[in-house]
Each structure stands twice: as C-alpha cells, then as structure tokens.
1. Over the chain, how many pairs of lysines fall under 21 Å by alpha carbon, counting only those 8 or more apart in sequence or from different chains?
2. Which value, in Å³ per residue, describes the convex hull spanned by the Cα atoms of the stretch 5-51?
3. When a/c reaches 1.5 or more, the comparison of a/b and b/c decides; with that in mind, is the chain rounded, prolate or oblate per its Cα gyration tensor?
4. Hydropathy first: keep DSSP H helices in the chain averaging at least 0.5 on Kyte-Doolittle, then drop any whose Cα extent along the axis falls short of 18 Å, and list what survives.
5. What is the sum of charges around PRO140, taking Lys and Arg as +1, Asp and Glu as -1, for the other residues whose C-beta is under 14 Å from the C-beta of PRO140?
6. Sort the stretch 137-202 into rounded, prolate or oblate with this rule: let a ≥ b ≥ c be the square roots of the eigenvalues of the Cα gyration tensor; rounded if a/c is under 1.5, and if a/c is not under 1.5, prolate when a/b is larger than b/c, oblate otherwise.
7. Counting helices only, and only those DSSP H runs with n ≥ 4, report the 222 nm mean residue ellipticity of the chain as the sum of -39,500 (n - 2.57) divided by its residues, in deg cm²/dmol to the nearest 500.
8. Under the 0.36 nm per residue contour assumption, what length would be gained going from the current alpha-carbon distance of ALA171 and SER233 to full extension?
Amino acid sequence: MNGNPTGRILVFALLCVAVVWAFFPIVFMISSSFKPGELIWSYPPTLVAEPTVSNYQNIATLFPRFWRSLFNSFIVTVLTTVLTLVMAVAAAFVFSRLRQPWLKVPAFLMIFVRMFPSIIVVIPLYPVFNELGWLDTITPLVLCGAAFAVSMATLLIKTFVDDIPIELEEAAMMDGCSRVGAFTRITLPLLTPAIAAVSLVVAIGSWNEYLFPLVFTSNDARTAPVIIAIAMSNEDGVAWGGVMAMASIYLAPPLLLVLLLHKQITNVMTMGAVKG
C-alpha cells in the first residue's frame, strides 16, 4: 500500500466519503437552525439563505420545558459521571491489585448485568422506584446510568492500573503509606489521562440517554432528549426550525467536553500505541 499511489488515493477518497457521510447530518442540522422554517425542507433545497436567529429566540415560547430539561441533563450527566468514576476507580484498584479467586464472581456479575438490554431492567425497577417515591426525579436516572456504565468504566481503568508497576505502591507502603494511601498518592495521579478519557465516554453516554428519562420521568425531571423527541411528534405540526435549534444547543456541551479533554485522550491513545 505504501508504494501504490492508486491505493492511497482510493483509501483517501473512501475516508473523505466516510467523513462527509458522518458530518452531513450535523452540518445540515446546524445550518437549518439558522433558516426560516419554510426553507428547511424546501425543494429544490436552499443551500444559501439569509441567516436568522429567530429559531433560537423562539425556543422558550415554543418549547418552554427545554431549558429546564437541558439543566436536568447537565445535572444527571455530572452526577452519573462522578458516581461511576468513584465506583470504577475503586473497583479497578481491587480487581487489579488483589488477586483473590472470589473476585471473579463480582467481575463476572458486572459484565453479566451489562449484557442485559436496558428495557429488561426498566420494567421491574419501575414499581420499585414508584414505591420509593423516586419517579419524576433525577435519582433513578443517576443510579441506573451509573449501574450500566460502571462495568465498562471499571474494565477500561483496570487495564491502565495493570500497566502501572505495583512496586511504586510497595515503595510508598514501605515509607509508611497504607495500601489505599499509596494508591491515591502514587497510582491515582498516573491514571489522570485514563480517567479523563473514561469520564468522556461515560458523560456522553449519560448525556444521550433516552430510555431511562422517558420511563422514569413525566414532567419535572425530564431531560433534553425526551423533550426534543416530543417536539418532533407534535400533532399540530413540527416546528423544524426550533427543533434544529434545540438539537444544535444540545450538541454543544459534549462537543465542548471533547475539545477540553482532547489532550488527555491523545495521551491515552499514545500510551496504547507505545504499549503495542
């Protein structure tokens, strides 16, 4: 392939097609959010139109619950990510450093539970949360989100804990640190890039979660994906300009998070390349 210009051109062309295919919906959505509603689906398509911000200005009027739902999504994502990382880092430490046969049981259960579709878990949990008075609150969203994300996060972080020499912790323990103290002072700082990368994966998964808020919430605790879906199924007609504007706003936080954590993600990818 390296000595074949035709092959390289073909690969480059295929990559360009894949990039265009992946980014076209996003570009279309953002551009449509600045178009008048009647021009979004006009035929022939209007590629160039005078931009307008009226779709963003009308969000509060057309979709009064959107801003509250966006705040709910932010709170649920932050709490789910923090809870998942706390459990995942602790579990990764135990599975990596304590080589006990009985630990295979919880490790298997974590993976086993993750194999179930979300809807299978939602059905029996609904009456439980109803009895606890947790319906239409963020509590079931955080607990379910963390329960489904912790297994993947634990396995990912464990691979990085395994790569850190245990001798560093043993040296710290010889100097008077406890096992937990050696881990938090020596190993945990070395895991910062891995934790940042895993937090990004968990946060985006929680931010995009649709099933749990759809089933467990009805009004106050609903998140943005549910509100956007409701706006797209309006019987009186879909205000596509407002929907595109909401979706564009909803896209901004994960995009910003990726930009903030790109250096840590690059470091993790580099560590994997060096290891290979």
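1. Lysine pair count for the chain: 4.
2. Numbers: hull volume 4.2 nm³, N = 47.
Each residue corresponds to 90 Å³ of Cα convex hull volume.
3. Verdict is oblate for the chain.
4. Both cut-offs are met by 5-32, 66-97, 118-132, 139-163, 192-207, 240-275.
5. Neighbourhood net charge equals -3.
6. On the way: a/c = 3.17, a/b = 2.14, b/c = 1.48.
Note, shape of the stretch 137-202 comes out prolate.
7. On the way: 14 runs with 202 residues, N = 276.
Taking each H run of at least 4 residues, the total per residue is -24000 deg cm²/dmol.
8. Using 0.36 nm per residue and subtracting the Cα-Cα distance, I get 16.2 nm.
Coordinate-derived values only; no laboratory data. As the structure is a computational prediction, the values presented were derived from the model and not from experiment. Virtual Cβ from ideal backbone geometry, glycine too; neighbours counted across all protein chains shown.
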